[in-house]
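The values are calculated or read from the model by the stated rules, or taken from the named source; none is laboratory data. Just so it is clear, the model here is predicted, and its values are computed rather than measured. Positions of Cβ are generated from backbone atoms using ideal geometry, with glycine treated the same way; all protein chains shown enter the neighbour counts. For accessibility, only protein heavy atoms count, side chains too; no ligands or nucleic acids. Shrake-Rupley method; radii C 1.70, N 1.55, O 1.52, S 1.80 Å.
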Protein chains: 2
Amino acid sequence: MRVTVDIVLFTIRERRLHLLLIRRLAEPFAGCFALPGGFVLADESVDAAAARELREETGVENVYLEQLYTFGEPGRDPRGQIITVAYYAMVPQTQLLQAGTDAADAAWFPVDALPDLAFDHQAIVAYAHTRIRNKLGYTNVGFELLPAKFTLSELQVVHEAILGEPLDKRNFRRRVQIQGIVKPTKEWRATGRKPAQLFRFKD
Amino acid sequence: MRVTVDIVLFTIRERRLHLLLIRRLAEPFAGCFALPGGFVLADESVDAAAARELREETGVENVYLEQLYTFGEPGRDPRGQIITVAYYAMVPQTQLLQAGTDAADAAWFPVDALPDLAFDHQAIVAYAHTRIRNKLGYTNVGFELLPAKFTLSELQVVHEAILGEPLDKRNFRRRVQIQGIVKPTKEWRATGRKPAQLFRFKD
DNA sequence: TTGACTAAGTGTTTATAAGACACTATTCTG
DNA sequence: CAGAATAGTGTCTTATAAACACTTAGTCAA
């Protein structure tokens, strides 16, 4: 039995949640889009394999990788009995541009307009999307999608992209301030209109 | 690389949350207590392996098995590179007695008084306990710990055992009734004192 | 310079959910 | 028949979530 890892790498582009796909060169599913990933090596932890594959295939490193679920139905890979441990990660739009240029045949797609995917990667993506939607309510998911300093409007865009629905500006701002997950800086960003105060995450 | 499954099987005994452990006969960790589990077979799904191992080692079948997490640190098994996919399941006290007699060298332990465990099974147990505590708030976890008909006091004991803290009787009953997760039957149980109405789960 | 446009920023009210809290009722036992 | 044990029942308070609109600061163009 062989074990692979697959990574759902999210980012926000143009106010929409995107994820990174790679065009497969080898069979099976040659030419198809698929999640970045690959085999766990000998004497390598599964977590380490996920970090390594992400780095090798997308150039992204030093991000928080969270394990999602292990998919182990026979027949999910035509090469034989191969189970995969799925992970997700997030990068801010700034970092993703570098990543996109490093990686060959990698491209960002909006989660609500994905091409056909190899293997059972469609199911993995759906699982990842559900997970981050749920975690948004009770954790700091979304922080990794932004640079160190950001405006509250930018943070709201992240939340709206993940949830797929608009949020009330005042309720949103009150919640993040009460929960104490951000703290204001003394910097302001000139965004072309009225300047916006920059915040950073606490801790 | 080989893949195993391990199952954390919960039940409630004497108002406390227990789980089932098996005394290992073979090396490594011979003589130690460990979670029921074993290797995934050729052409077997991981889910099916969990169900099969649970049946073989404890006699329990036809229960809902939920995947918890995959543990894949090298060194977690002295036999080599073996990752394990952890599951949890729950059985009512009635069923567990039969299971306990079927299985050789299986025993129930309170989760807050476990013996030393083989491998990284201590971490798996902690993960499972956290998972069911969290799920108690927003799902119907706990239903599988009770027979088809039960009193509200029995349901409260289940919740208290999982949370590890007492609950207010009136608030608890109001919540389960408002959430509409139980419906009353026309039966009453003579429990020795004042009879209690029996309920069943909706759907 | 001024008017139009764009995004930032700001409070109150209402509805819903959660938590604290104590007594009566029924049955069995001695 | 008195006492012990568990079942069952409402109200008030507090916290949390949701709905809702206008003012302000800056840019750009006429």
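The ellipsoid equivalent to the alpha-carbon distribution of chain A has semi-axes of 33, 16, 16 angstrom, derived from the gyration tensor eigenvalues as √(5λ) and listed largest first. Each label was represented as a point 7 Å from its Cα along the Cα-to-Cβ direction; for A:GLU165 and B:ALA126 these points are 3.7 nm apart. Sorted from shortest to longest, the distances between the A:ARG189 label points of this copy and the other copies are 5.8 nm, with each point 7 Å from Cα along the line through the beta carbon. When only Cα pairs below 8 angstrom with a gap of at least 6 residues are kept, segment B:148-201 shows a relative contact order of 44 percent.
A:GLU144 sits with roughly 60 Å² accessible to a 1.4 Å probe, with DNA, RNA and ligands left out of the calculation. Take each residue of peptide B:84-91, count the partner chain Cβ atoms within 10 Å of its Cβ, and average: the result is 1.
In this assembly of identical copies, the label point of A:ARG170 (Cα plus 7 Å along Cα-to-Cβ) is separated from its counterparts by 3.6 nm, sorted shortest first.
Label positions at A:TRP188 and A:LEU25, each projected 7 Å from the Cα along the C-beta direction, are separated by 5.1 nm. Couplings 3J(HN,Hα) of segment B:6-18, computed from phi: 10, 10, 9, 9, 9, 7, 10, 10, 6, 6, 10, 6, 10 Hz, in residue order, whole Hz [Karplus 6.51 cos²θ - 1.76 cosθ + 1.60, θ = phi - 60°; x for Gly and Pro]. Per the rotation superposing chains B and A, the chain B residue found at the smallest beta carbon distance from the axis is B:THR70, 2, distance in Å. For segment B:1-32, accessible area lost to neighbouring protein chains reaches 20 Å² or more, against the chain alone with a 1.4 Å probe, at B:MET1, B:VAL3. Here segment A:2-138 exposes an accessible surface that is 49 percent carbon and sulfur, computed with a 1.4 Å probe and the other protein chains kept in place. Solvent exposure of the protein assembly as shown, expressed per residue, is 50 Å² of accessible area, with all protein chains present and a 1.4 angstrom probe. Under a model in which nothing but the beta-carbon of Lys, Arg (+1) and Asp, Glu (-1) is charged, segment B:148-201 shows a dipole of about 340 debye around its Cα centre. The mean number of Cβ atoms from other chains found within 10 Å of a Cβ in peptide A:66-73 is 6, as a whole number.
Based on DSSP H runs of at least 4 residues, each adding -39500 (n - 2.57), what is the mean residue ellipticity at 222 nm of chain A after dividing by all its residues, to the nearest 500 deg cm²/dmol?
The per-residue figure over chain A is -10000 deg cm²/dmol.
Across the identical copies, the label point of A:ARG79 (7 Å from Cα in the Cβ direction) is separated from its matches by 2.5 nm, in order from shortest. Residues in segment B:71-89 near a label at A:ARG2, defined as backbone nitrogen under 13 Å from the 7 Å Cα→Cβ point? Within reach of a label on A:ARG2: no residues. Electrostatic tally near B:ALA113: other residues with Cβ closer than 13 Å to its Cβ, Lys and Arg +1, Asp and Glu -1, net -1. Between B:ARG55 and B:ASP112, the simple label model (points 7 Å from Cα in the Cβ direction) yields a spacing of 3.6 nm. Charged side chains reduced to their Cβ positions (Lys and Arg at +1, Asp and Glu at -1) give segment B:6-99 a dipole of some 460 debye around its Cα centre. Remark: accessible surface ordering of B:LYS194, A:LYS149, A:LYS186, B:LYS183 (largest first) is A:LYS186, B:LYS194, B:LYS183, A:LYS149, probe radius 1.4 Å.
Exactly which trypsin sites (Lys or Arg not before Pro) in segment A:1-80 are in a DSSP loop and have at most 13 other Cβ atoms within 10 Å?
Working: sites: A:ARG2, A:ARG13, A:ARG15, A:ARG16, A:ARG23, A:ARG24, A:ARG52, A:ARG55, A:ARG76, A:ARG79; in loops: A:ARG15, A:ARG24, A:ARG76, A:ARG79.
Passing both the DSSP loop test and the Cβ count: A:ARG15, A:ARG79.
When chain A is treated as a GNM with alpha-carbon contacts under 10 Å, the residue of A:ALA128, A:ALA49, A:ALA89 showing the greatest mean-square fluctuation is A:ALA49. On association of chains A and B, roughly 1600 Å² of accessible area becomes buried (total for both chains; probe 1.4 Å).
Within the shell defined by Cβ-Cβ distances under 10 Å, the residues around A:GLY164 carry a net charge of -1, with Lys and Arg each +1 and Asp and Glu each -1.
Beyond 21 Å between alpha-carbons counts as too far, so tell me which of A:LYS202/B:LYS135; A:LYS135/B:LYS169; A:LYS135/B:LYS135; A:LYS135/B:LYS183; A:LYS183/B:LYS135; B:LYS135/B:LYS194 fall in that bin. Violating the 21 Å limit, Cα to Cα: A:LYS202/B:LYS135; A:LYS135/B:LYS169; A:LYS135/B:LYS183; A:LYS183/B:LYS135; B:LYS135/B:LYS194.
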